[in-house]
1. Taking only the stretch 39-67 into account, find how many residues are over 19 Å from residue 10 (Cβ atoms) and in contact with a Leu (Cβ under 8 Å, 6 or more places away or on another chain).
2. When you look at residue 5, is it within 12 Å of the chain's Cα centre (by Cα) and in a helix (DSSP H, G or I), yes or no?
3. Outside any helix (DSSP H, G or I) and at pLDDT below 95: which single residue out of 76, 103, 86 fits that description?
4. Condition (residue is within 11 Å of the chain's Cα centre (by Cα), buried (at least 19 other Cβ atoms within 10 Å of the Cβ), part of a helix (DSSP H, G or I) and modelled with pLDDT under 95) applied to the stretch 50-61: is it met by at least one residue?
5. Give the number of residues within the stretch 62-109 that are surrounded by 14 or more Cβ atoms within 10 Å (Cβ to Cβ) and of a type in the set (S, T, N, Q).
6. Across the stretch 68-109, which residue is nearest to residue 10 (Cα to Cα) among those that are of a type in the set (Val, Ile, Thr) and free of Cβ contacts under 8 Å to residues at least 12 places away in the same chain?
7. Mind checking which residues of the stretch 8-33 are of a type in the set (S, T, N, Q) and either part of a helix (DSSP H, G or I) or within 9 Å of the chain's Cα centre (by Cα) (or both)?
Amino acid sequence: MSASAAWAMLIVAGIVDVVWATTMKLSHGYTRPLWTIVSLLALATFVFLLGRALTALPVGSAYAVWTGIGAAGTLLAGAFFFAEALTPLRLSGVGLIVFGVVLLHSAKA
């Protein structure tokens, strides 16, 4: 697998991680069957994609990028879907995460 395909897979895995976290909340502790199924499918999907991406990427950088996408995306999804607060401090934190992801991607070795 090429490095560019692996980075693309990693980005998709990060986005699917956001879907997983969001649907896990919607499942209410896995008590709602439909959201539970969607959540578990998202979980299996991002684990598969992350595993495939790790065949061509350094684990430290890839894991940091994946968790950064998941953390920033889940914060934004929480604000959009659940009316969670987006304070200047939280937005600054997301900005730092995104900045770190950009640095790690550009320093891929």
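The values are calculated or read from the model by the stated rules, or taken from the named source; none is laboratory data. Keep in mind that this is a model prediction, so the values were computed, not measured. For neighbour counting, all protein chains shown are included, and Cβ atoms are generated from backbone atoms with ideal geometry for every residue, glycine included.
1. The qualifying residues number 1.
2. Taking the combined requirement at face value, the residue does not satisfy it.
3. Going through 76, 103, 86 in turn, just one is outside any helix (DSSP H, G or I) and at pLDDT below 95: 86.
4. no
5. Qualifying residue count, the stretch 62-109: 2.
6. Result: 102.
7. 22, 23
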